[in-house]
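To start, the structure under review is shown below, and the notes come after it.
The values are calculated or read from the model by the stated rules, or taken from the named source; none is laboratory data. Since this is a predicted model, take the numbers as computed values, not measurements. Cβ placement follows ideal geometry from the backbone for every residue including glycine, while neighbour counts extend to all protein chains displayed.
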Protein chains: 2
Amino acid sequence: MSKTNILIAQGGGPTAVINESLVGAVLESRGFDNTGSVYGAFHGVSGIVNEDFINLGLESTENLENVAKTPCSALGSTRDKPDQKYCQDIFKVLKAHDIGTFFYIGGNDSSDTLRILAEEAVGADYPLRCIHIPKTIDNDLTVNDHTPGYPSAAKFVASAFAGVNLDNRALQGVYVGVVMGRHAGFLTAAAALGRKYDDDGPHLIYLPERNFSMDTLIRDVKATQDKFGRCVIAVSEGIHDDSGAPIVTKLAKDVEKDAHGNIQLSGTGALADLLCDAIREGTGQKRVRGDTFGYLQRSFMGCVSDVDQMESRAVGVEAARFAHDGAQGVKRDGTVTIQRTGSGDSYAVEYKLSKLEDVAGKTKVMADEFIADSNCDITGAFVDYLKPLLGSGMPEPYRLEAERVGKILDR
Amino acid sequence: MSKTNILIAQGGGPTAVINESLVGAVLESRGFDNTGSVYGAFHGVSGIVNEDFINLGLESTENLENVAKTPCSALGSTRDKPDQKYCQDIFKVLKAHDIGTFFYIGGNDSSDTLRILAEEAVGADYPLRCIHIPKTIDNDLTVNDHTPGYPSAAKFVASAFAGVNLDNRALQGVYVGVVMGRHAGFLTAAAALGRKYDDDGPHLIYLPERNFSMDTLIRDVKATQDKFGRCVIAVSEGIHDDSGAPIVTKLAKDVEKDAHGNIQLSGTGALADLLCDAIREGTGQKRVRGDTFGYLQRSFMGCVSDVDQMESRAVGVEAARFAHDGAQGVKRDGTVTIQRTGSGDSYAVEYKLSKLEDVAGKTKVMADEFIADSNCDITGAFVDYLKPLLGSGMPEPYRLEAERVGKILDR
């Protein structure tokens with residue numbers, strides 16, 4: 001029986017559970033008789049062209065299990081988007097190391113990289129099996145019910161808003177929290193899962209699925225202030241006006257773009273500061289505070305969904321099985337996708353191998369049924385969708401409940 | 001035996017464990033025979049003048065225990081700083097409700113409020129026992145070895161830097177994390193406890209105890225980039241130039257001040273953005289990202305030090321005991337302070353009643369022995385100081401360790 005050498009790499013933004021997928025694919029692959037070497041490439045496709053490999057066949061299972069519980073791509077990542085020349089360089093290296101299966105753990109940009117690579121391999125008549133393993137905190141991959149990495153980031157965002165809501169209740173005013181998410185509002189919407197009592201924030205949620213206007217924001221904040229005496233707002237970094245222009249570009253002098261043509265939205269507090277200034281000016285409210293959750297959302301140690309952990313491991317394991325099954329018969333490229341088969345208390349999923357071109361470079365956004373008619377809140381259907389993904393151990397706030405004491409003094 | 005009515009309130013910025021102190025003082029006070037009513041004032045001293053009280057004698061122990069585990073002042077807080085007129089209004093209310101003991105949970109501004117109130121009470125010949133219960137994430141109260149609330153915020157900051165260090169290692173560049181702390185760098189310094197491996201960030205730590213210069217920053221970042229190919233920086237929001245002017249005021253158009261005269265530093269991403277721009281310009285590095293940790297540091301649900309939880313409960317309990325002991329004999333105002341009596345594995349503390357004027361309005365900063373000679377790092381002595389406070393369950397990162405694969409291709 002001929003042995004298949006395997007290469008695995010990680011691309012795009014890290015998640016808190018991305019190494020579960022790495023370790024799942026490595027351990028499962030190592031268990032098959034026809035597996036030869038199992039290599040990891042450092043920093044995604046850039047590590048392939050640089051022939052920068054680690055021999056994952058030599059890692060102890062104990063250390064792999066420790067790495068699985070460590071956030072952020074253990075192999076390192078990249079934002080490179082290979083063109084044809086880049087792919088030819090990749091092939092040279094893959095051929096030299098006799099790689100038969102390539103697993104790439106990533107989001108929609110990484111799956112597009114894999115699609116190009118798979119096409120190039122066919123064109124070059126090189127027998128390469130390309131399997132995409134999904135991850136993204138944005139939850140924006142098509143075909144998938146949800147994406148590994150999202151539930152843990154969502155748990156962080158929900159926990160953070162549960163906390164800042166309490167902070168804002170203690171020292172009242174307006175609070176703006178800016179959450180990651182370029183085109184899809186799933187992560188921003190997760191802020192709603194931090195609510196427990198009727199008057200809990202976030203009171204306003206602005207998603208990139210709807211056009212944003214400063215006038216509407218000011219009107220919404222005033223109405224919330226009148227009702228609750230305070231206002232907590234969750235905003236996606238990707239909010240844009242009705243022409244599609246991101247609100248943050250109204251302030252930024254220079255717009256930074258990555259190799260995929262995406263405008264850089266994270267790593268700056270500009271949007272929160274812009275919105276706070278507008279609220280101060282538009283409402284007369286003095287205490288207006290803005291935070292940008294930034295990189296903590298995808299890398300925080302110690303706030304992980306156990307459901308996400310389990311599923312992230314599973315997509316890695318399934319990728320190895322799909323590749324192995326393929327090796328027995330027809331060559332099949334593809335992407336592992338998550339399908340929900342039960343909801344609520346009967347929450348369950350199954351894993352399928354879908355076509356790369358159905359996911360690659362495509363973006364899923366929130367369905368209309370998840371967004372309230374007010375355009376500044378989410379629906380119960382979204383709560384039902386997200387709740388089982390957060391897993392066990394969501395912290396729950398409590399309030400003092402006793403009666404007020406009667407006033408004695410006349411005023 | 002005459003009964004003593006008790007009032008308790010919370011002032012200043014919330015912490016993740018401040019309600020442990022509230023519940024400790026309430027439950028312990030309720031257990032004494034001579035305790036009459038136990039009231040809570042909403043939003044600190046402002047709730048007293050507004051006679052806005054809750055009857056904490058009616059809260060179930062079960063709900064109080066749930067509230068104890070909930071972050072952020074359950075009674076609400078205030079930034080009000082009472083003058084003489086304000087204090088006279090407070091006295092009217094305290095007299096009307098026959099309050100004999102007032103517990104105020106807060107930081108150095110709140111302890112100063114209590115000092116003024118205690119003096120006014122003496123001047124007005126009103127028999128009021130004033131006990132200050134310490135809390136502050138800044139850890140800047142004099143006399144205390146450390147302050148309740150600080151260890152949990154420190155655990156959040158250390159965990160956050162452990163995560164962003166991994167993120168920065170996966171996608172290399174420069175990362176700036178801005179941490180709360182006006183005059184004292186304790187919380188920023190906690191970032192160092194997120195390090196495990198020799199090349200882990202934060203590689204540079206800038207504290208308000210030392211003068212800050214942009215030229216030095218650029219030089220330090222370049223040197224770190226040359227050494228590690230990346231750079232993670234922890235910066236206190238309170239960094240200032242050699243004239244004492246906060247760096248953030250170099251950018252801000254309007255400077256916001258609170259009733260205590262403090263310039264508003266938090267709730268804006270301006271400092272991180274200013275530093276990122278300077279690093280981009282000064283080093284030529286393209287990928288420079290900045291986060292401001294903001295209100296998550298003091299309110300995050302699910303990242304709490306169990307040592308801090310226990311001690312925060314204890315200072316509330318001890319306050320009630322000191323007040324009760326005082327009731328048996330001499331009237332004693334004061335502030336509960338934490339003294340360390342054992343270090344390392346033998347870590348232990350004891351609680352004392354210290355004089356209000358020794359803590360009120362004063363600020364402790366980091367000792368020279370905690371700051372490295374380089375002025376951009378902390379010492380082993382600081383690690384030894386902080387480590388036992390973080391308690392159990394600090395997450396630990398792991399790395400892949402196997403050998404690199406030999407390169408085959410000639411270049």
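Looking at the stretch A:133-182 only, could you name the residues that are away from chain B (no Cβ under 14 Å) and in contact with a Lys or Arg (Cβ under 9 Å, 6 or more places away or on another chain)?
A:Asp138, A:Asn139, A:Asp140, A:Leu141, A:Thr142, A:Val143, A:Asn144, A:Asp145, A:His146, A:Thr147, A:Pro148, A:Tyr150
Give me the strands (runs of 3 or more DSSP E) completely within the stretch A:141-236, filtered to those with at least 3 residues that are crowded, with 24+ Cβ neighbours inside 10 Å and free of Cβ contacts under 8 Å to residues at least 60 places away in the same chain, ordered by residue number. It would help to see each step written out before you state the result.
Numbers: elements: A:174-179, A:204-206, A:231-236.
The strands (runs of 3 or more DSSP E) meeting that bar are A:231-236.
Tell me, yes or no, whether the stretch A:77-88 has at least one residue that is farther than 22 Å from A:Arg115 by Cα, in contact (Cβ under 8 Å) with a residue 40 or more places away in the chain and in the same structural domain as A:Ala121 (by TED's automatic domain parsing).
no
Taking the residues in the stretch A:49-78 that are of a type in the set (A, V, I, L, M, F, W, C) and assigned to a loop (DSSP other than H, G, I, E, B) as candidates, determine which candidate is nearest to the other protein chains (Cβ to nearest Cβ).
Just the residues of the stretch A:49-78 that are of a type in the set (A, V, I, L, M, F, W, C), to begin with: A:49, A:53-54, A:56, A:58, A:64, A:67-68, A:72, A:74-75.
Checking the rest, the ones that are also assigned to a loop (DSSP other than H, G, I, E, B) come to A:72, A:74-75.
Numbers: A:Cys72: 4, A:Ala74: 5, A:Leu75: 7 Å.
Once the filter is applied, the top-ranked residue is A:Cys72.
What are the pairs, 6+ residues apart or on separate chains, where a residue within the stretch B:271-294 that is within 7 Å of chain A (Cβ to nearest Cβ) has its Cβ under 8 Å from a residue that is acidic (Asp, Glu)?
The qualifying pairs are B:Ala272/B:Asp291; B:Asp273/A:Asp273; B:Gly290/B:Asp273; B:Thr292/A:Asp291; B:Thr292/B:Glu237; B:Gly294/A:Asp291.
Do the conditions hold for A:Glu28, that is, is it within 24 Å of B:Gly194 (Cβ to Cβ), in a helix (DSSP H, G or I), more than 8 Å from chain B (Cβ to nearest Cβ) and of a type in the set (D, E, K, R)? Quick ask: steps written out before the conclusion?
Numbers: within 24 Å of B:Gly194 (Cβ to Cβ): no; in a helix (DSSP H, G or I): yes; more than 8 Å from chain B (Cβ to nearest Cβ): yes; of a type in the set (D, E, K, R): yes.
It is false that A:Glu28 is within 24 Å of B:Gly194 (Cβ to Cβ), in a helix (DSSP H, G or I), more than 8 Å from chain B (Cβ to nearest Cβ) and of a type in the set (D, E, K, R).
Quick test of your reading of the structure: B:Gly302 fulfils all but one of (1) of a type outside the set (D, E, K, R); (2) closer than 20 Å to B:Ala153 by Cβ; (3) modelled with pLDDT of 95 or more. Name the failing condition by number.
(3)
Can you confirm whether the stretch B:96-104 contains a residue that is charged (D, E, K, R), within 13 Å of chain A (Cβ to nearest Cβ) and outside any helix (DSSP H, G or I)?
yes
Modelled with pLDDT under 95 and on the phi > 0 side of the Ramachandran plot: which single residue out of B:Gly181, B:Gly173 fits that description?
Testing whether each residue is modelled with pLDDT under 95 and on the phi > 0 side of the Ramachandran plot leaves just B:Gly181.
Where in the stretch B:278-368 are there helices (runs of 4 or more DSSP H), lying wholly inside it, with at least 2 residues that are touching a Pro at 6+ places or on another chain (Cβ under 8 Å)?
B:296-299, B:306-328
In the set A:Val365, A:Val307, A:Val317, which member is outside the structural domain of A:Gly181 (by TED's automatic domain parsing), in contact with a Phe, Trp or Tyr (Cβ under 9 Å, 6 or more places away or on another chain), aliphatic (A, V, I, L, M) and within 30 Å of B:Asn63 (Cβ to Cβ)?
A:Val307
Among the listed residues B:Ser46, B:Ser2, identify the single one that is more than 10 Å from chain A (Cβ to nearest Cβ), surrounded by fewer than 24 Cβ atoms within 10 Å (Cβ to Cβ) and within 25 Å of B:Asp140 (Cβ to Cβ).
B:Ser46
Given A:Pro71, A:Pro82, which one is within 21 Å of A:Gly24 (Cβ to Cβ) and within 27 Å of the chain's Cα centre (by Cα)?
A:Pro71
Inspect all residues belonging to the stretch B:381-399 and state whether any of them is among the aliphatic types (A, V, I, L, M) and modelled with pLDDT under 95.
Among the residues of the stretch B:381-399, at least one is among the aliphatic types (A, V, I, L, M) and modelled with pLDDT under 95, which makes the answer yes.
Residue-wise test of (1) surrounded by 14 or more Cβ atoms within 10 Å (Cβ to Cβ); (2) within 14 Å of chain B (Cβ to nearest Cβ); (3) not β-branched (Val, Ile, Thr).
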residue: A:Ala323; (1), (2), (3): yes, no, yes
residue: A:Lys352; (1), (2), (3): yes, no, yes
residue: A:Asp368; (1), (2), (3): no, no, yes
residue: A:Thr379; (1), (2), (3): yes, no, no
residue: A:Val383; (1), (2), (3): yes, no, no
residue: A:Leu390; (1), (2), (3): yes, yes, yes
residue: A:Glu401; (1), (2), (3): no, yes, yes
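Only residues that are among the aliphatic types (A, V, I, L, M) and within 24 Å of A:Val317 (Cβ to Cβ): list them for the stretch A:85-112, please.
A:Leu94, A:Ile99, A:Ile105 - these are the residues of the stretch A:85-112 that are among the aliphatic types (A, V, I, L, M) and within 24 Å of A:Val317 (Cβ to Cβ).
Among the numbered conditions (1) touching a His at 6+ places or on another chain (Cβ under 8 Å); (2) assigned to a loop (DSSP other than H, G, I, E, B), tell me where B:Arg399 comes up short.
The failed condition is (1).
How many residues are free of Cβ contacts under 8 Å to residues at least 40 places away in the same chain and β-branched (Val, Ile, Thr) when one looks only at the stretch A:55-76?
Looking only at that region, the number is 1.
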